[in-house]
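Q: What follows is a single structure, and I will ask about it in a moment.
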Amino acid sequence: DNIWAWSKLDREREIMNDSNYQNRLHRRISLGYPENTKPEYTIITHSKIDTINYAIETDKNPTDYYMWVDFGYFQNKISEKFIPNEGVVNLDVLNKDTVNICCVNKIDERDRDIDYTLINAPEKIGAYCFFGNKEKLKEFQILCHKWLEHFQSIGIADDEQHLWLQCYFENPELFTEHVFGQWHLGLKKFSK
């Protein structure tokens, strides 16, 4: 009830069941990518920003900064090599005045093209971890809502990484990119 993205689930399902969408993404759908076949999956990914903002709004012990880390980040032995020994975040390596995002590869001009990203799914933003202050995370939420509504209005369903690219291009000053060259290095790089 408190997570706005869930109100968009029926539309996400409708898009994924549409024959035009299915024909457009037949290769990715045939390979079973959840961001193109499972509406609950995409809505969960779009809910991250709503969930962290809900936590901020209801936090009985508010802090200046908040960090999201996917639960799956901690799920298995392979992940352990990406988890720091100490659980302390080094705020000096983060920009406290922006939303800090982890990138697998640098964002470039091609990523502005919604169709290019939808069909090719380049590895750019690793949305498993992000950090920011309350005000900037709220700004990010507003952008995410705007872009999810736009995607759905033009018949596109995809995960948060694609949506966040469009947020980035609309307001690049809101973000600090941390480019790691591979997945899941955020907590290691952000730890003391």
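The values are calculated or read from the model by the stated rules, or taken from the named source; none is laboratory data. As the structure is a computational prediction, the values presented were derived from the model and not from experiment. Counting neighbours? That spans all protein chains shown, and the Cβs are built from the backbone with ideal geometry, glycine included. Surface areas here come from the heavy atoms of the whole protein model, side chains and all, with no ligands, DNA or RNA. Shrake-Rupley method; radii C 1.70, N 1.55, O 1.52, S 1.80 Å.
Q: Give the calculated FRET efficiency between Ala55 and Asp92 to the nearest 0.05, with a Förster radius of 22 Å applied to their Cβ-Cβ distance.
A: 0.35
Q: Another question about this same structure. Which of the residue pairs Lys8/Lys192; Lys48/Lys189; Lys60/Lys106; Lys60/Lys124 have a Cα-Cα distance greater than 31 Å in the structure shown?
A: Result: Lys8/Lys192; Lys60/Lys106; Lys60/Lys124 exceed 31 Å.
Q: Right, here's the next one. Can you pull out the GluC sites (Glu not before Pro) in segment 84-167 whose DSSP state is coil and whose Cβ has at most 16 other Cβ atoms within 10 Å?
A: For GluC sites (Glu not before Pro) across segment 84-167 that sit outside H, G, I, E and B with at most 16 neighbouring Cβ atoms in 10 Å, the list reads Glu86, Glu123.
Q: State the antiparallel share, in %, of DSSP beta bridges confined to the chain, rounding to the nearest 5.
A: That works out to approximately 65 percent antiparallel.
Q: Further question: Out of the trypsin sites (Lys or Arg not before Pro) in segment 27-75, which ones are loop residues according to DSSP with at most 12 other C-beta atoms within 10 Å?
A: Those that pass, being in a loop and sparsely packed, are Lys60.
Q: Could you state how much accessible area Asp92 has, in square angstrom rounded to the nearest 10, with a 1.4 Å probe and all protein chains kept in place?
A: 130
Q: Here's another thing I want to ask about it. Percent of Cα-Cα pairs per 10 Å bin, from 0 to the last occupied bin, for segment 46-192, please list those.
A: Using 10 Å bins, I get a P(r) of 11, 41, 37, 11, 1 for segment 46-192.
Q: Can you run phi through the Karplus equation (6.51, -1.76, 1.60; θ = phi - 60°) for segment 9-23 and list ³J(HN,Hα) in whole Hz, with x for Gly and Pro?
A: 4, 4, 5, 4, 4, 4, 4, 5, 8, 6, 5, 5, 5, 5, 5
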